[in-house]
Structures are given as structure tokens and as C-alpha cells.
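The values are calculated or read from the model by the stated rules, or taken from the named source; none is laboratory data. Because the structure is a prediction, the values reported are computed rather than measured. Note that we place each Cβ from the backbone using ideal geometry, even for glycine, and neighbour counts take in every protein chain shown.
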Amino acid sequence: MQQDNQESCSNPCNLCGGRGISVLANHSRSGKPLRTVICKDCGLVWTDPLPHNPKVFYEDDYRVAYKGTYTPKPKHILRAGKVALYRRKLLDKWLPQPLKILDVGTGGGEFAYLLQSLGHDVSGIEPNKGYAEYSKQEYGLKVQIGFIQDIQQPDQSFDLITIWHVLEHTENPHDVLVRLHSLLKPQGILVVEVPTIEATCQSPKSTFHEAHIFNFNLDTLRKLGEKVGFTELEHKVSADGGNITVFFQKSTPMAYLIKDKGLNIPGNAERIINIVNNHTACKHYLTAEPYRRFFCRMSRTISEQCMTANFVNGKKLLDRLYA
């Protein structure tokens, strides 16, 4: 991936409002043209121009494009169920008693169903019609079909909101976080997980693709949260370094801090550019990571075939897994 000297962008940076950019890449992981830029002032990374109409893409095309199906297959339910157990463990200390929870981007409903089975009052919102309808019918979940801007809930409704691997898909992450801030009760908790642009566990050619409109690192995600009115309580990085999870608490918009300190993050853009440009295919395949991932995928395939051999329905599969 090479940086070029093109300096113009269609829209200002969603974090700091800057217009000074560098180009990180010109192609997606599929090899199609995809212009990915980085803000020189804060280091936020995004696709410019947009590669698709987000509303149409996520309502109708996304699951088919990336999963090959309009509703989840047994292997997808099993994978998502295992991820749900991992996420529940991440949230352990934030769930001391039954809470009112919103899961943004509910998908097939596996995580929301796990929380519901543990006694929490869970609502979900999911733009993909096939997956949303499946989660409602299969697990009896309260899921609204649509985007977070469409949610039919009053302000200060929830104790906890989770948004797992959704923010990077949104057209305006700032506005999404503003809406989530309003939906939380005072001192409520927001859990945001996104892939990090600093990840080197994946093949270099897979770093950028059409579905991820924005790319964050910890600094840009933290600063965006502060801008909206959240305070970071803690964060975690996945074992392979691919994902970051930030636990925010609702506070008040920190306009006074922003006015004094600004939204720039000195040195962040240079750091990210250096990581991306030095993550080459040669260096990647001299590490153990690609071979570990290959054997993990092979092992997972065998395990999935065994565990879904007598598949009846999603509920029975998850009940067995969660038990």
C-alpha cells in the first residue's frame, strides 16, 4: 500500500473536521478500486468517496455479499453463538444485575438471545431484513428493523448499549454515538468494539474493503467518544491484536476540553501510515499468524460440521451451546 499526494476529499473528517488528507490505499481486498484516506490532523481513516449507498447496501446486500445468505445458516449461528459467549465474558463486571440493554446491529440475534436468557430486558435494532426477522421469529427477541437513527425508543431508556463491529460500517459515526448517548440513562455504559486499523494479523491485501467505511485505532475511537460526551472507563485489545473494545460511560459533552485541547491527535496519522505501509506480504508471511489462522479455520470447519450435523433450528443449537 502506498501513500500518494492527492489532497482533496469529498467530506471533512468526521472526528476533527479537517480536510488535509493522505491516501493510504487505492484498492480493496477484492482488487476493486477503493480510495482510503487518512486525516493528517487526527488519524481517522475512511473511504472517500463512499463505495455504495449504505442504506441500500446494509438493508439488502450486505449479508448476501459477505455470508452468501439472506438468513443465517447453521454454521453462522454456531460461530455467532461462540462469539456471544466471549462477549458475555467481556461484559461480566458490567452486568451485576438484570439491566435494560440495547444491542445495535443485532444480526441473527445470538448475543441478544444469550443476554435475554440470563434475565436481561434486551432490545435490538438490525437493518438487514432477513436476519432481523429470523431473530424475532426464532428467539422471540424485540428487534426493530432499521438503523439507529430510526430507533423508536425514548431518550434515557437503557442502562447498557452494545455496538459490536457496527460503527465502522456507518456513514456518520459521530451522529451514531450522539444518538446512543441520548438513549443511555445517566452514567449508563456504552460498549463499542471495532477492528483496529493498526492490526497486522490479517493479510495486508485484506486491510481495506467496501463494507468498512471508517477505520479506527484506540486514539481516534477514544477521542470521538469524548467529543460526543463519553468517558473511557477501560479498553481491551483482542489476543490477535485485530479488535479493540472500549467501555465508555455517559458523561456530558466535553466542549470545554475540546475548545482548549482541540480534536487533533499529534503523531497519530504518522503512526498509522507507518504501520500500514510496513505491513507487507513478505513480512506477514514470515510470521506465524497466517499459518495459525489457517489451522484454526480448518479446525473450526471440522468442529462446525460435527456440531451442526443434526441441526433442527437455531434456538435448540444455541440452547445446547449456552447450557
All positions within region 163-189 that are farther than 14 Å from LYS250 by Cβ and not hydrophobic (A, V, I, L, M, F, W, C) | HIS165, GLU168, HIS169, THR170, GLU171, ASN172, PRO173, HIS174, ASP175
So ILE101 fits all but one of (1) in a strand (DSSP E or B); (2) over 30 Å from ASN11 (Cα atoms); (3) out of contact with any His (no Cβ under 7 Å at 6 or more places or on another chain); what number is the exception?
-> (3)
Unique match (being within 30 Å of GLY17 (Cβ to Cβ) and in contact with a strand residue (DSSP E or B) (Cβ under 8 Å, 6 or more places away or on another chain)) among ILE101, ILE145, ILE125 | ILE125
Please give the number of the condition ILE302 fails out of (1) modelled with pLDDT of 95 or more; (2) of a type in the set (A, V, I, L, M); (3) assigned to a helix (DSSP H, G or I).
-> (1)
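Evaluate region 280-299: report whether one residue or more is under 30 Å from ARG29 (Cβ atoms) and touching a strand residue (DSSP E or B) at 6+ places or on another chain (Cβ under 7 Å).
Scanning region 280-299, I find no residue that is under 30 Å from ARG29 (Cβ atoms) and touching a strand residue (DSSP E or B) at 6+ places or on another chain (Cβ under 7 Å), so the answer is no.
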Taking the condition within 30 Å of ALA281 (Cβ to Cβ), modelled with pLDDT of 95 or more, in contact with a His (Cβ under 9 Å, 6 or more places away or on another chain) and among the charged types (D, E, K, R), does GLU210 pass?
-> no
What is the one condition in (1) without any contact (Cβ under 8 Å) to a residue 12 or more places away in the chain; (2) part of a helix (DSSP H, G or I) that LYS315 does not satisfy?
-> (1)
Which one of the conditions (1) farther than 18 Å from LEU24 by Cα; (2) under 13 Å from the mean Cα position of the chain (by Cα) does LYS236 fail to meet, given that it meets all the rest?
-> (2)
Residue check for ASP155: touching a helix residue (DSSP H, G or I) at 6+ places or on another chain (Cβ under 8 Å), over 24 Å from CYS39 (Cα atoms) and modelled with pLDDT of 95 or more | yes
With respect to LEU118, is the statement that it is surrounded by fewer than 23 Cβ atoms within 10 Å (Cβ to Cβ) and touching a strand residue (DSSP E or B) at 6+ places or on another chain (Cβ under 8 Å) true?
-> no
Look through region 239-253, keep the residues that are more than 24 Å from ARG292 (Cβ to Cβ) and of a type outside the set (Lys, Arg), and return whichever of them is nearest to the chain's Cα centre (by Cα).
-> VAL246
Residue identified as at pLDDT 95 or above and either of a type in the set (Asp, Glu) or closer than 22 Å to THR162 by Cα (or both) among LYS236, LYS227 | LYS236
Inside region 138-253, counting only strands (runs of 3 or more DSSP E) that do not spill past its ends, which hold 2 or more residues that are in contact with a Gly (Cβ under 7 Å, 6 or more places away or on another chain) and in contact (Cβ under 8 Å) with a residue 40 or more places away in the chain?
-> 158-164, 243-250
Which one of the conditions (1) crowded, with 17+ Cβ neighbours inside 10 Å; (2) polar (S, T, N, Q); (3) more than 19 Å from CYS16 (Cβ to Cβ) does ASN215 fail to meet, given that it meets all the rest?
-> (3)
Take the residues of region 169-190 that are touching a Pro at 6+ places or on another chain (Cβ under 8 Å) and surrounded by fewer than 21 Cβ atoms within 10 Å (Cβ to Cβ): which is farthest from LEU15 (Cα to Cα)?
-> HIS169
Pair list, Cβ under 9 Å, 6 or more apart: region 103-121 residue closer than 18 Å to SER157 by Cβ and modelled with pLDDT of 95 or more, other residue part of a helix (DSSP H, G or I) and charged (D, E, K, R) = LEU115/ARG88
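Kindly indicate whether TYR66 is closer than 29 Å to GLY314 by Cβ, at pLDDT below 90 and either out of contact with any helix residue (DSSP H, G or I) (no Cβ under 8 Å at 6 or more places or on another chain) or assigned to a strand (DSSP E or B) (or both).
yes
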Could you please give the count of residues in region 2-50 that are modelled with pLDDT under 85 and assigned to a loop (DSSP other than H, G, I, E, B)?
-> 8
Only one residue in GLY124, GLY140, GLY146 is within 23 Å of LYS73 (Cβ to Cβ) and surrounded by fewer than 21 Cβ atoms within 10 Å (Cβ to Cβ). Which one?
-> GLY140
Which listed residue is modelled with pLDDT of 95 or more, buried (at least 18 other Cβ atoms within 10 Å of the Cβ) and closer than 13 Å to VAL45 by Cβ, from GLU193, GLU198 = GLU198
